[in-house]
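Participant: Below is a structure I'd like to ask you about.
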Amino acid sequence: MERRVVITGLGTISPVGNTVADFWNSLKEGKSGLNFIQGYDDVDLPVRIVAQVKDFDPMANGLERADVRKMDLFCQYAMAAANQAVKDSGLVSGENIEPDRFGVYVGSGIGGINTFVRETEKLLNEGARRISPLFVPTMIANIASGNIAIRHNAQGPCLPIVTACATGTHSAGEAFRAIKYGQADAIITGGAEAAVHPLAIGGFNNSKALSRSEDPLQASLPFSADRHGFVIAEGAGMMVFESLESAQKRGAKIYAEVVG
């Protein structure tokens, strides 16, 4: 039996706002998140226009200092946005949803590139014995979905999809199918990225993928005949997908129905 799927929770950390309300208001007002890169003034970069998250406070989004120490920035963004979405949905594992019917489908195209660079510098400058024992579990792209599942006691399917720029959309599509065909009743889904780093900029630029515009307002033109590449950005977007039956049973607000 196929089931209808709805959206009951939203969360975001983005270059134009770190809440859904701020994000939406920025979009309505036509605000751009693009600007000249901050934090790398001493690096000779061929491209300097990026979209960075601003004024991100992990503790204000449900993370603790221990989380920040152990998580790459992409995972912090993912956790913060997921915390917003779950709170917005009203789901509480073990109370209004069974833990084994609650899943997480969250991916990242690149994962912990900041951690990768930091630990590589240790290898080159201090030797292999100085590399953090948390290097691999901090860097790997599936750690965001795992940490989100642990935090929200989501013991159902956990699928970290990695499909480059399609990761978030692909994750949402698979979450939709899982609920539609009865594998779960609710799933936290979305994507996160924190790859605004000279290493990523150099790689994308040298493959001729990045916009070389020097004007932030003319850099990202994906649907224009004058387009000349993409702009590297960071952030996270999360949704809670839920079966219509589950949402109605607990009286949840419904943003929209997912169709496909």
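Participant: Quick check on my filter: what residues within the stretch 59-80 are crowded, with 24+ Cβ neighbours inside 10 Å and not in a helix (DSSP H, G or I)?
Facilitator: Listed by number, the list holds a single entry, D72.
Participant: Which count do you get for residues in the stretch 1-13 that are open to solvent by 10 Å² or more (accessible area, probe 1.4 Å) and either farther than 28 Å from Y181 by Cβ or not acidic (D, E) (or both)? Even if it seems obvious, please write down each step before you answer.
Facilitator: Keep residues of the stretch 1-13 that are open to solvent by 10 Å² or more (accessible area, probe 1.4 Å), which gives 1-4, 7, 10, 12.
Still in the list and also either farther than 28 Å from Y181 by Cβ or not acidic (D, E) (or both): 1, 3-4, 7, 10, 12.
Counting residues in the stretch 1-13 that are open to solvent by 10 Å² or more (accessible area, probe 1.4 Å) and either farther than 28 Å from Y181 by Cβ or not acidic (D, E) (or both) gives 6.
Participant: Considering only residues that are part of a loop (DSSP other than H, G, I, E, B) and farther than 13 Å from R227 by Cα, which ones fall in the stretch 201-214?
Facilitator: At the first step, the residues of the stretch 201-214 found to be part of a loop (DSSP other than H, G, I, E, B) are 207-209, 211-214.
Once the filter is applied, which keeps residues that are part of a loop (DSSP other than H, G, I, E, B) and farther than 13 Å from R227 by Cα, the stretch 201-214 yields S207, E214.
Participant: Looking at (1) within 25 Å of M139 (Cα to Cα); (2) part of a loop (DSSP other than H, G, I, E, B); (3) without any contact (Cβ under 8 Å) to a residue 40 or more places away in the chain; (4) not aliphatic (A, V, I, L, M), find the lone condition where F56 falls short.
Facilitator: The one condition F56 does not meet is (3).
Participant: So, one more: Open to solvent by 30 Å² or more (accessible area, probe 1.4 Å) and not basic (K, R), is that true of N83? It would help to see each step written out before you state the result.
Facilitator: On the way: open to solvent by 30 Å² or more (accessible area, probe 1.4 Å): no; not basic (K, R): yes.
When the stated conditions are applied, N83 does not pass them.
Participant: Could you grab me the full set of residues in the stretch 44-55 that are more than 17 Å from the chain's Cα centre (by Cα) and open to solvent by 30 Å² or more (accessible area, probe 1.4 Å)? Break it down stepwise before answering.
Facilitator: Initially, the stretch 44-55 is screened for residues more than 17 Å from the chain's Cα centre (by Cα), giving 44-49.
Across the stretch 44-55, the qualifying residues are D44, P46, R48.
Participant: Right, another one. Just to check your reading of the model, which residue among V92, V106 is within 30 Å of E245 (Cα to Cα) and in contact with a Pro (Cβ under 7 Å, 6 or more places away or on another chain)? Give the derivation first.
Facilitator: Numbers: V92 fails: in contact with a Pro (Cβ under 7 Å, 6 or more places away or on another chain).
Only one candidate qualifies: V106.
Participant: Quick one: in the stretch 118-146, which of the residues that are touching a helix residue (DSSP H, G or I) at 6+ places or on another chain (Cβ under 6 Å), part of a helix (DSSP H, G or I) and in contact (Cβ under 8 Å) with a residue 12 or more places away in the chain is nearest to M239 (Cα to Cα)?
Facilitator: Going through the qualifying residues, I end up with A144.
Participant: Turning to a different aspect of this structure: Give the stretch 14-43 a look and list any residue that's under 24 Å from R212 (Cβ atoms), in contact (Cβ under 8 Å) with a residue 24 or more places away in the chain and surrounded by fewer than 20 Cβ atoms within 10 Å (Cβ to Cβ), or say none.
Facilitator: Result: S32, N35, F36, I37, Y40, V43.
The values are calculated or read from the model by the stated rules, or taken from the named source; none is laboratory data. Here the structure is a predicted model, which means the values were calculated and not measured. All Cβ positions, even for glycine, are placed from backbone atoms using ideal geometry, and neighbour counts span all protein chains on display. Surface areas here come from the heavy atoms of the whole protein model, side chains and all, with no ligands, DNA or RNA. Shrake-Rupley method; radii C 1.70, N 1.55, O 1.52, S 1.80 Å.
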